[in-house]
1. Which condition breaks for Ala315 when tested against (1) within 12 Å of ligand 2 (Cβ to nearest atom); (2) touching a residue at least 60 places away in the same chain (Cβ under 8 Å)?
2. Taking only segment 663-681 into account, find how many residues are under 24 Å from Asp502 (Cα atoms) and open to solvent by 30 Å² or more (accessible area, probe 1.4 Å).
3. Please go through segment 391-419 and give me each residue that is of a type outside the set (Gly, Ala, Ser) and open to solvent by 50 Å² or more (accessible area, probe 1.4 Å), ordered by number.
4. With the structure loaded, tell me whether Ala657 is assigned by TED's automatic domain parsing to the domain that holds Arg494, farther than 23 Å from Lys445 by Cα, modelled with pLDDT of 95 or more and under 20 Å from the mean Cα position of the chain (by Cα) or whether it fails that test.
5. From the list Asp532, Asp502, Asp515, which residue is at pLDDT 95 or above and either in contact with a Phe, Trp or Tyr (Cβ under 8 Å, 6 or more places away or on another chain) or open to solvent by 20 Å² or more (accessible area, probe 1.4 Å) (or both)?
6. For residues that are of a type in the set (Asp, Glu) and within 17 Å of Ala398 (Cβ to Cβ), scanning just segment 426-452, find the one that is surrounded by the fewest Cβ atoms within 10 Å (Cβ to Cβ).
7. When the residues of segment 88-126 are narrowed to those that are within 21 Å of Lys185 (Cβ to Cβ) and of a type in the set (Lys, Arg), which ends up farthest from the chain's Cα centre (by Cα)?
8. If I ask for residues that are over 23 Å from the mean Cα position of the chain (by Cα), among the aliphatic types (A, V, I, L, M) and not in a loop (DSSP other than H, G, I, E, B), which ones from segment 479-511 would you list?
Amino acid sequence: MQITDVVSLEVEDGIGFLIVNNPPVNALGQKVRQGLADGIAAAQADAAIRAVVIIAEGRTFPAGADITEFGKPPQPPALPDVCQIIEDCAKPVVAALHGTALGGGFEIALSSHYRIADKGAKIGLPEINLGLLPGASGTQRMPRITGAGPALDMMLSGKPVPVARGRDMGVIDEIAEGDLRKAAKAYALKLLKMGWGRRPTSERREGFKDMGAYNNLIVERRAELQKKAKGQLAPFKILDCVALAADPSVPFAEAMKAERAAFMECLASDQSKGMIHAFFAERQTAKIPEAKAATPRDLNKLAVIGGGTMGAGIAVAVLDAGLPVVMIERDAESLERGRANVEKVYARNVAKGRMSEAQKDAVMARWTGSVDYGVLADVDLVIEAVFEEMEVKKAVFAQLDAAMRPGAILATNTSYLNIDELAATISRPEDVIGLHFFSPANIMKLLEIVVPAKVTADVVVTAFDLAKRLGKIPVRAGVCDGFIGNRILATYRRASDYMMEDGASPYQIDAAIRDFGYPMGPYQVSDLAGGDIGWATRKRKAATRPPEERYVQIADRICENGWFGQKTGRGYYRYDGRVSVEDPEVLEIIAAERKRAGITPRDFTDDEIIERYFAAMINEGCNVLDEGIALRPLDIDVTLLYGYAFPRWRGGPMKYADMVGLDVILKRIESYAAEDAHFWQPSPLLQRLVAEGRTFDDLNKGN
Ligand code: 3HC
Ligand code: NAI
């Protein structure tokens with residue numbers, strides 16, 4: 001019997017199967033909620049049904065509330081009410097889970113009386129990743145079964161766990177090996193035979209056995225969050241709700257009201273708007289114009305040229321994806337270093353117990369190395385990661401052109417160089433693309449896919465296909481100095497240096513940026529990355545720097561002392577291992593530079609630092625968009641979120657700009673232009689958007 005378009009009820013041997021079928025992930029939209037509520041009523045009314053099994057078609061049990069409904073007017077029945085209807089069912093209800101039973105989906109399961117799961121299924125409460133808390137009884141029902149520890153681990157990390165772990169926690173009763181529907185039916189029949197009836201989770205108390213430990217944990221986690229999640233709303237609300245769950249003076253229904261109120265407060269916050277934007281944005285970036293017109297080429301064997309920081313990291317990313325990789329280096333000694341760089345990563349995994357020695361050997365067996373380009377004849381795609389020098393790269397590309405088969409793809413990991421120029425030097429520019437990984441390449445999720453003028457569409461879609469196989473988040477970028485990310489970085493770093501020379505200390509700037517939500521400020525990042533890299537770039541670019549451009553020399557003075565950051569024990573900070581302290585000598589250098597430049601230092605408030613830093617970031621983001629280097633504002637957001645540690649709960653710089661107001665940002669830029677009209681030129685796109693009353697969100701939607 002069809003209950004709604006997406007929920008049906010089938011009866012088999014006394015068991016009523018309430019089946020959800022709402023592809024792709026069975027999200028709990030209005031029709032699913034209505035179907036579950038009405039389906040339970042129908043099952044209760046049907047004398048032929050003795051027990052109910054809630055199960056889903058397709059790839060997964062419901063993966064959560066329908067996120068696209070958030071922010072729209074509520075459409076009853078609300079999910080917490082549906083959960084209560086399930087729990088109140090007079091006949092035993094079994095949830096049969098497969099795929100990823102997440103968020104509201106797992107809350108449906110927790111509201112059922114019993115839970116059976118396919119052995120490959122995962123369960124989780126990932127709402128925190130959307131700036132939310134479980135809002136359909138997760139904060140109330142889960143701790144009743146597991147106590148505070150496992151419930152808080154799941155809700156505060158947002159990470160799904162395998163069902164075997166769920167069984168250990170007590171939230172999964174049975175694990176099914178074969179066909180889930182058959183196993184669920186057998187389980188339901190067993191319950192009936194044994195006379196095990198309804199088991200409402202809201203009446204369970206085993207999680208409250210040791211209230212001392214429960215309350216201590218809340219106190220401990222609150223202290224941790226005050227350090228780790230300062231300024232964030234959802235984590236603290238989760239704690240409050242889990243604490244309330246165990247308060248004997250608060251009835252379940254009251255605590256549910258409090259959970260609902262907390263959920264609605266989070267949903268209304270900019271934080272959840274930012275994170276929900278990030279969730280959809282990271283799925284949108286793979287939607288590119290080329291996808292319509294082309295199919296990816298086959299990729300079976302990959303190669304990297306260079307086994308340094310990036311080449312080795314890329315090789316690990318490829319190996320981790322289960323593919324073979326060939327590494328080419330310039331001589332035997334460098335090749336051995338490259339191999340050792342790769343092996344080091346796996347040796348660390350073994351040391352940390354993440355893999356066995358045998359697994360490491362099996363992975364390393366897919367690595368081969370050579371100094372002879374001849375071995376590349378059967379390779380489908382090569383990623384060049386040699387020194388950042390055009391002439392070196394051109395020489396490498398000439399050898400690749402000679403060695404590789406027709407139809408193979410030649411990619412470069414260059415950070416800044418002009419890929420059109422590089423492609424033009426070989427016989428097949430249509431096969432050349434940029435694959436800009438971030439360091440460490442096996443860890444960082446972002447992959448900028450840089451599309452030169454002559455490349456064909458199928459090469460572009462192959463690059464996106466590769467990104468997926470490597471577990472990366474791809475962003476399509478055009479060719480320019482620094483592409484999307486490094487170009488915008490260079491601009492806001494300059495804004496930062498100007499503030500430093502004008503009177504703010506690097507320590508104040510770092511602290512203000514950390515307070516905004518970054519894990520580190522720009523000068524800490526510089527010390528971590530090594531000041532020598534930027535210094536070399538600045539020297540290389542000195543000849544072509546426009547004379548009207550303000551140039552701050554403080555970083556050069558610091559580098560001239562050999563202070564390259566953490567690796568030399570000194571940079572903007574002094575280091576004792578990884579512990580850093582502010583350095584009065586650096587402040588002296590800055591003071592001397594201000595004097596040399598004729599600047600009388602002034603005070604900056606933290607707010608002004610934030611305003612200028614992000615105005616520069618957003619303005620350059622607009623230029624990048626206007627020039628077609630990025631497809632949409634959301635591509636910039638994803639780049640900054642995944643490559644540059646922009647705080648996810650602020651959604652990315654362009655989303656943040658929409659929230660601040662584009663007119664406010666433009667006014668700030670115009671006021672700064674009075675002191676430096678060359679740097680603070682308002683982007684024409686920003687001016688147009690403000691004049692037309694449009695937002696970046698409009699551009700994301702194609703309006
Ligand atoms: N609501 C609406 N759409 C959703 C969705 C959801 N909960 N989850 C996924 N989708 C959409 C995606 O946007 C994507 O759409 P597209 O094809 O148009 O781009 C499509 O479903 C497929 O998703 P993925 O590409 O992410 O598929 P994967 O197989 O890689 O991943 C997944 C599947 C693990 C379920 C992943 O999509 C995911 O993590 N989803 C979100 C889960 C989540 O956060 N659930 C909690 C929601 S909040 C909640 O439940 C509140 C409650 O407590 C009241
Ligand atoms: P690196 O100096 O660590 O490694 C370069 C490697 O290339 C060395 O091992 C060297 O022996 C090898 N090499 C040089 N010439 C060669 C040739 N002709 N044939 C074969 N091998 C050769 O440099 P790193 O940091 O790995 O950078 C490589 C590229 O990646 C550069 O283009 C850089 O701009 C880019 N990049 C670097 C990032 C970083 O954070 N280090 C981030 C993203 C891109």
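The values are calculated or read from the model by the stated rules, or taken from the named source; none is laboratory data. Treat the numbers as computed from the prediction; the structure is a model and nothing was measured. Backbone-built Cβ (ideal geometry, glycine too); neighbour counts: all protein chains shown. The protein model used for the area step is the full one, side chains on, heavy atoms only, and it has no ligands, DNA or RNA in it. Shrake-Rupley method; radii C 1.70, N 1.55, O 1.52, S 1.80 Å.
1. The number of the failed condition is (2).
2. 10
3. Across segment 391-419, the qualifying residues are Glu391, Gln399, Arg405, Pro406, Tyr416, Asn418.
4. yes
5. Being at pLDDT 95 or above and either in contact with a Phe, Trp or Tyr (Cβ under 8 Å, 6 or more places away or on another chain) or open to solvent by 20 Å² or more (accessible area, probe 1.4 Å) (or both) holds for just one of Asp532, Asp502, Asp515, which is Asp502.
6. Residue satisfying both the conditions and the ranking: Glu430.
7. Filtering first and then ranking leaves Lys91.
8. Correct list: Ala495, Met499, Met500, Ile509, Ala511.
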